[in-house]
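Have a look at the structure below before the remarks.
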Amino acid sequence: MSVAEDLMIRLELMALQDRYVAAIDNDRIEEWPGFFVEDCLYEIVSRENEEAGLPAPVIHCDSARMLRDRVLALRHANIYEKPAYRHMVSGMEWRQEADGSYSGSSSYVVVNTSVEGESSIYQAGRYLDQVVRTEGGLRFRQKRCIYDTLRVQTLLAFPI
Amino acid sequence: MSVAEDLMIRLELMALQDRYVAAIDNDRIEEWPGFFVEDCLYEIVSRENEEAGLPAPVIHCDSARMLRDRVLALRHANIYEKPAYRHMVSGMEWRQEADGSYSGSSSYVVVNTSVEGESSIYQAGRYLDQVVRTEGGLRFRQKRCIYDTLRVQTLLAFPI
Amino acid sequence: MSVAEDLMIRLELMALQDRYVAAIDNDRIEEWPGFFVEDCLYEIVSRENEEAGLPAPVIHCDSARMLRDRVLALRHANIYEKPAYRHMVSGMEWRQEADGSYSGSSSYVVVNTSVEGESSIYQAGRYLDQVVRTEGGLRFRQKRCIYDTLRVQTLLAFPI
C-alpha cells in the first residue's frame, strides 16, 4: 500500500469516528445503530476487568438489533439526568487484517455537562474497533470501549 | 462527489478549524478576524437559549469589523486574568449547500489554565459553521458557538 | 506546493502525532524513542520559564539514547502511581523549512486517571515540533512540550 493510500484510509476511518461521536454528542442516538453491521459486537468494559481477563461489561450488545432496542429503552426511560456528552478522540492507530477489515484503536475523553450546567470529565478510555467496508461505506463490526475511569454509571448507560 | 474528493474537503475543513483554534490558543487573536469574510456572523450563545429559541448571545458580531474592534478591546482592556485556552475539537460533520458553501458542526471542549496554573474545563459545546471558498482559501461566513456549560464569563469574553 | 500536497503533508504529520500519543497512552513507552532521530532534542518546560527565557526544563534529553535510558528508568523504578494518560491533540499548524524539515505546533491536553480511578486534567500545553523525513518515515528531530499547568510532577516524569 502506498503512503498516500495509507493516509486516505486513515482519513476515512477518522471520518467514521467523527460522524459516530457527532451522532451521540448531538442527541441523535437513533443514528447510532446504523454505524454498525447487523452482526456486530458493542461493549463497554472497565480496563481493570479487561486486563484481568474478567469481561463483565457494563454494556454488551452482540447485534445491531440490541443496539436499536437500547436506543428505544433510553428514549422511553424516565431518565432523571440526560447526559450532554462531548467526545474528544485522538491517537488513532489502525492496520488492515487478512480478511480486508481494519482493526483500530483510539484514545477518548468524554466530557459531560450536567443539567446544572457543570462540565466535567465523565470517562477516559480507549476504543478497540473492527471496521468493515460495506455497500453503504465503512461500518463497525466491533466496537469495544475500555474505560480507565472508575466511577461509571451502570444503569441505563448511554453509548460511548 | 467521489469518496476521495469528499475526504479532501473534510481535511481542508479540519485544517481551517486547526488554524483557527491555534491562533486563539497561542495568543495571536489579531489573526482571529482574518478567518472570517467581511460580511459574517460570529456568536456565542448558550444551548439553553438556542434550544428555547431565545438567542440572547453572550457575543454577537455581524461583521469582521466588529471582530477587529473586539480584538482591540480585549488587547487594551485591563484584564485581571488573561485566559490560556486549549481548544480540543472533534466530531466534525459537514455538507455542501446549494450555493457551494459548506455547513459544518463540531464538538469542542476548551480547557483554560488560570494565572495560578490550574487547568480545568472552561467550556464544552458545539460549533455551527458556514464556510465559503475565497481567493485566500476557506473562510467562515458564520460561526456560532453553542455552549453546554452554564457558568460562562460574559464580560470581555475571549473568542471561542 | 499545491493545496492537495499541503493537505497530505498535514495528514502525514497528524498520523505521526497520533501514533506518538497512542504509544504513550497504551503503555508502550518502549516505542517512544523510535519516534525520534538519534540526534534529537526532547524537552518538557513550563510556559512561564519558556516565556521568561529561563529554560530549566523538567526533562531535557538531547539524544535518542537518553530517551531509551529514560524508558528503562521508568520501567525499573518503583513507581507508586503509574499514570494512565489520554492525550488529546488539536490545532496543528506546520510549515516547511529551508532544509526540507517541518516545523509544527499543536495544543495538547493530557487527562490522567489515578490508581483510584479518578480521571482529571493532568497537563495542558503546546507541542513545538521539528520533523524530518527519514527512510523509515517521519521522525521528530525536536519535540518541546511547553506546559501551561503549574503543578507538574518533576520526579520520574513520564513522556508527554
### Residues located in the stretch B:2-15, provided they are more than 8 Å from chain C (Cβ to nearest Cβ), over 18 Å from residue A:89 (Cβ atoms) and touching a residue at least 24 places away in the same chain (Cβ under 8 Å)
B:9
#### Entry: Boolean, residue A:93 is in contact with a helix residue (DSSP H, G or I) (Cβ under 7 Å, 6 or more places away or on another chain), assigned to a strand (DSSP E or B) and touching a residue at least 12 places away in the same chain (Cβ under 8 Å)
yes
### Query
What is the residue count in the stretch C:5-42 for residues that are more than 24 Å from residue A:145 (Cα to Cα) and in contact with a Gly (Cβ under 7 Å, 6 or more places away or on another chain)?
1
### Message
Just checking, does the stretch C:43-62 include any residue being more than 30 Å from residue A:8 (Cα to Cα), of a type in the set (Asp, Glu) and touching a Pro at 6+ places or on another chain (Cβ under 7 Å)?
### Response
yes
### Test: residue A:99 is at positive phi, outside any strand (DSSP E or B) and acidic (Asp, Glu)
no
### Message
Within the stretch C:67-83, does at least one residue satisfy the condition of being in a strand (DSSP E or B), more than 14 Å from every other protein chain (Cβ to nearest Cβ) and among the hydroxyl-bearing types (Ser, Thr, Tyr)?
### Response
no
### Query
If you take the residues in the stretch A:78-103 that are under 26 Å from residue B:106 (Cβ atoms) and among the small types (Gly, Ala, Ser), which one is modelled with the lowest pLDDT?
A:84
### Summary
residue C:159 vs (1) out of contact with any helix residue (DSSP H, G or I) (no Cβ under 6 Å at 6 or more places or on another chain); (2) part of a loop (DSSP other than H, G, I, E, B): all pass except (1)
### Query
In the stretch B:42-55, what residues are of a type in the set (A, V, I, L, M, F, W, C) and under 18 Å from residue B:123 (Cα atoms)?
B:44, B:45
### Task
Mind listing whichever residues of the stretch C:1-38 are of a type in the set (Ser, Thr, Tyr) and closer than 18 Å to residue C:66 by Cα?
C:20
## Note on the structure
Within the stretch B:1-17, residues modelled with pLDDT of 95 or more and either touching a Lys or Arg at 6+ places or on another chain (Cβ under 8 Å) or not acidic (Asp, Glu) (or both) come out as B:7, B:8, B:9, B:10, B:11, B:13, B:14, B:15, B:16, B:17
### Message
Could you tell me how many of the residues in the stretch C:57-66 are in contact with a helix residue (DSSP H, G or I) (Cβ under 6 Å, 6 or more places away or on another chain) and either more than 15 Å from residue C:139 (Cα to Cα) or in a strand (DSSP E or B) (or both)?
### Response
1
### Summary
Contact list, first residue from the stretch C:50-66 and of a type in the set (Ser, Thr, Tyr), second anywhere and surrounded by 13 or more Cβ atoms within 10 Å (Cβ to Cβ), beta-carbon distance below 9 Å, six or more apart or interchain, is C:63/C:36; C:63/C:40; C:63/C:41
### Query
If residue B:54 satisfies every condition in (1) closer than 13 Å to residue B:159 by Cα; (2) in contact with a helix residue (DSSP H, G or I) (Cβ under 9 Å, 6 or more places away or on another chain) but one, which is the exception?
(1)
### Task
Could you please find all residues in the stretch C:106-146 being surrounded by fewer than 19 Cβ atoms within 10 Å (Cβ to Cβ), facing another protein chain (nearest Cβ under 7 Å) and either of a type in the set (S, T, N, Q) or in contact with a Pro (Cβ under 9 Å, 6 or more places away or on another chain) (or both)?
C:120
### Task
Please go through the stretch B:16-27 and pick out each residue that is at the interface with another protein chain (Cβ under 8 Å from one of its Cβ atoms), in a helix (DSSP H, G or I) and surrounded by fewer than 20 Cβ atoms within 10 Å (Cβ to Cβ).
B:19
### Message
Every residue in the stretch C:28-49 that is within 14 Å of chain A (Cβ to nearest Cβ) and outside any helix (DSSP H, G or I), please.
### Response
C:28
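The values are calculated or read from the model by the stated rules, or taken from the named source; none is laboratory data. Not measured: the values here are computed from a predicted model. Virtual Cβ from ideal backbone geometry, glycine too; neighbours counted across all protein chains shown.
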